[in-house]
Amino acid sequence: AQKVTQAQTEISVVEKEDVTLDCVYETRDTTYYLFWYKQPPSGELVFLIRRNSFDEQNEISGRYSWNFQKSTSSFNFTITASQVVDSAVYFCALSEASTGNQFYFGTGTSLTVIP
Amino acid sequence: ETGVTQSPTHLIKTRGQQVTLRCSSQSGHNTVSWYQQALGQGPQFIFQYYREEENGRGNFPPRFSGLQFPNYSSELNVNALELDDSALYLCASTSRRFEDSTDTQYFGPGTRLTVL
């Protein structure tokens, strides 16, 4: 079973629009960590955020914000006022305390921001 | 930039051959993980090395093996290459404080392997 599901395969938005990328995870651990990474065409995965299961406080960093809801096992990522430079593939990942060394990635969401 | 480097950038091999990919971790990081990313997919965990020993393995056959050196750099070796091994191979490093801790992994640019 897929531990991390990113149902949106591709999204296109016009510059300055807001966009939300969905992430749903599955785990039986009570201690786990969630991550978002950005992968531009160059291929390198760029770390964006890490969240532990005990901290449900939403976070905002500039134009980026994250909504963590344990009740629905979701960790969604919103980009406000999107820019062309935001075009990339975005991955959500899960790491469980019981298998702390292994990251489980979703299949990614390809975001295209049209100028 | 993360400070994680990988070599080579691209590689072309034929089926049945063997390949070695290299990774230098970020300064101060003692743990290296390897991932395979097929086209259009998310990265899949291969294995992790901590203190020069394998410390966790994903669902990959034994022909995928690795090493970690005293300077924390690492190698991924793949024997008897198959066409399905064609992928982007990513290395990630982290500074593990405790054996069972989970810390953010920082990724290198990857090695694109093509098997013909």
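Restricting attention to the stretch B:36-52, the residues that are within 10 Å of the chain's Cα centre (by Cα) and within 8 Å of chain A (Cβ to nearest Cβ) add up to 2.
Of the residues making up the stretch B:1-13, those that are part of a loop (DSSP other than H, G, I, E, B) and of a type in the set (Val, Ile, Thr) are B:Thr2, B:Val4, B:Thr9.
Please tell me if B:Gly58 is over 14 Å from the mean Cα position of the chain (by Cα) and within 11 Å of another protein chain (Cβ to nearest Cβ). Lay out the reasoning, then the answer.
Numbers: over 14 Å from the mean Cα position of the chain (by Cα): no; within 11 Å of another protein chain (Cβ to nearest Cβ): yes.
So B:Gly58 does not fit the description; no.
Selection within the stretch A:58-76: residues that are within 16 Å of A:Tyr33 (Cβ to Cβ) and of a type in the set (D, E, K, R). The member of this set that is nearest to the other protein chains (Cβ to nearest Cβ) is A:Glu59.
One residue alone among B:Gly42, B:Gly16, B:Gly28 is more than 13 Å from A:Glu44 (Cβ to Cβ), in contact with a Gly (Cβ under 6 Å, 6 or more places away or on another chain) and assigned to a loop (DSSP other than H, G, I, E, B), and that residue is B:Gly42.
Summed over the stretch A:1-27, residues that are at pLDDT below 95 and in a strand (DSSP E or B) total 0. Counting just the residues of the stretch A:44-54 that are outside any strand (DSSP E or B) and without any contact (Cβ under 8 Å) to a residue 24 or more places away in the chain, which one comes out farthest from A:Asp86 (Cα to Cα)? Across the stretch A:44-54, the extreme among qualifying residues is A:Phe54.
Matching residues to (1) assigned to a strand (DSSP E or B); (2) within 14 Å of another protein chain (Cβ to nearest Cβ); (3) more than 17 Å from A:Gln6 (Cβ to Cβ):
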{"residue": "A:Asp29", "(1), (2), (3)": "no, yes, yes"}
{"residue": "A:Leu34", "(1), (2), (3)": "yes, yes, no"}
{"residue": "A:Lys38", "(1), (2), (3)": "yes, yes, no"}
{"residue": "A:Ser42", "(1), (2), (3)": "no, yes, yes"}
{"residue": "A:Glu56", "(1), (2), (3)": "no, no, yes"}
{"residue": "A:Thr78", "(1), (2), (3)": "yes, no, no"}
{"residue": "A:Ser82", "(1), (2), (3)": "no, no, yes"}
{"residue": "A:Leu94", "(1), (2), (3)": "yes, yes, no"}
{"residue": "A:Thr107", "(1), (2), (3)": "no, yes, no"}
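The values are calculated or read from the model by the stated rules, or taken from the named source; none is laboratory data. Values in this document were obtained by computation on a predicted structure and should not be read as measured data. Note that we place each Cβ from the backbone using ideal geometry, even for glycine, and neighbour counts take in every protein chain shown.
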